[in-house]
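The block underneath contains the structure these notes are about, expressed in structure tokens.
The values are calculated or read from the model by the stated rules, or taken from the named source; none is laboratory data. Note that this is a predicted model, so its numbers are computed, not measured. Methodologically, a virtual Cβ is constructed for each residue, glycine included, from the backbone with ideal geometry; neighbour enumeration extends over all protein chains shown. All accessible areas refer to the heavy atoms of the entire protein, side chains included, with ligands and DNA or RNA removed. Shrake-Rupley method; radii C 1.70, N 1.55, O 1.52, S 1.80 Å.
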Amino acid sequence: MFETIDHIGLAVTDIAEAVALYQSQFGMQEWEIIELPERHMRVAITTIGTSMVELIAPTAPEAAFAKYLAEKGPGMHHIAYQVADITAALATLKAQGLRLVDEVPRPGLHGTLVAFVHPKATLGTLIELVQHV
């Protein structure tokens with residue numbers, strides 16, 4: 001089902017601070033900053049090989065992960081796997097009885113389709129499925 005790791009999502013409180021850390025300590029200089037006011041979040045993305053690191057920071061308490069960040073602090077939020085057919089992947093997972101956050105895909109960054117599998121169904125890890133279209 002999974003083709004490759006698409007990205008690892010890290011929840012942070014401050015994008016500028018997190019990007020500065022990755023630039024100065026790890027030499028990761030090239031970042032794309034994306035403002036998502038409709039989702040109450042700011043995202044910074046960089047590529048390592050064929051995968052990405054995605055830093056996500058809430059811009060308001062209404063952000064979907066703001067409560068997670070407040071309770072658990074900064075750190076790994078999710079791992080995203082690329083799939084060829086997200087609709088088929090979701091149908092398979094649902095048929096296997098896995099709890100889904102999204103039963104239908106929704107628009108993601110860079111023209112992708114995304115859906116999440118609930119962490120209670122996956123040993124505590126929030127899994128994102130990503131289909132590049």
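Confirm whether residue 13 is surrounded by 12 or more Cβ atoms within 10 Å (Cβ to Cβ), touching a residue at least 60 places away in the same chain (Cβ under 8 Å) and farther than 25 Å from residue 132 by Cα. Yes: the conditions hold for residue 13. Of the residues 56, 45, 127, the single one that is within 23 Å of residue 4 (Cα to Cα), among the β-branched types (Val, Ile, Thr) and touching an Asp or Glu at 6+ places or on another chain (Cβ under 6 Å) is 45. Residues of the stretch 38-67 that are without any contact (Cβ under 8 Å) to a residue 24 or more places away in the chain and among the aliphatic types (A, V, I, L, M): 48, 60. Just so you know, in the stretch 1-10 the residues that are in a strand (DSSP E or B) and not β-branched (Val, Ile, Thr) include one that is most open to solvent (accessible area, probe 1.4 Å), and it is 10. When residue 33 is tested against (1) touching a helix residue (DSSP H, G or I) at 6+ places or on another chain (Cβ under 8 Å); (2) open to solvent by less than 60 Å² (accessible area, probe 1.4 Å); (3) not charged (D, E, K, R), exactly one condition is not met: (2). Tell me whether the stretch 97-119 contains one or more residues that are surrounded by 13 or more Cβ atoms within 10 Å (Cβ to Cβ), closer than 18 Å to residue 50 by Cβ and touching a Phe, Trp or Tyr at 6+ places or on another chain (Cβ under 8 Å). Within the stretch 97-119, none of the residues are surrounded by 13 or more Cβ atoms within 10 Å (Cβ to Cβ), closer than 18 Å to residue 50 by Cβ and touching a Phe, Trp or Tyr at 6+ places or on another chain (Cβ under 8 Å). Looking only at residues that are aliphatic (A, V, I, L, M) and more than 14 Å from the chain's Cα centre (by Cα) in the stretch 29-51, which one is nearest to residue 76 (Cα to Cα)? Filtering the stretch 29-51 for residues that are aliphatic (A, V, I, L, M) and more than 14 Å from the chain's Cα centre (by Cα), the one nearest to residue 76 (Cα to Cα) comes out as 48.
The number of residues in the stretch 16-30 being loosely packed, with under 15 Cβ neighbours inside 10 Å, in a helix (DSSP H, G or I) and not aromatic (Phe, Trp, Tyr) comes to 7.
Within the stretch 52-67, being exposed (fewer than 15 other Cβ atoms within 10 Å of the Cβ) and either farther than 20 Å from residue 79 by Cβ or under 14 Å from the mean Cα position of the chain (by Cα) (or both) holds for 60, 61, 62, 64. Taken together, the residues in the stretch 68-89 that are surrounded by 14 or more Cβ atoms within 10 Å (Cβ to Cβ), touching a residue at least 60 places away in the same chain (Cβ under 8 Å), hydrophobic (A, V, I, L, M, F, W, C) and out of contact with any His (no Cβ under 9 Å at 6 or more places or on another chain) amount to 2. When the stretch 67-76 is filtered for residues that are of a type in the set (Gly, Ala, Ser) and modelled with pLDDT of 95 or more, the ones remaining, listed by number, are 73, 75.
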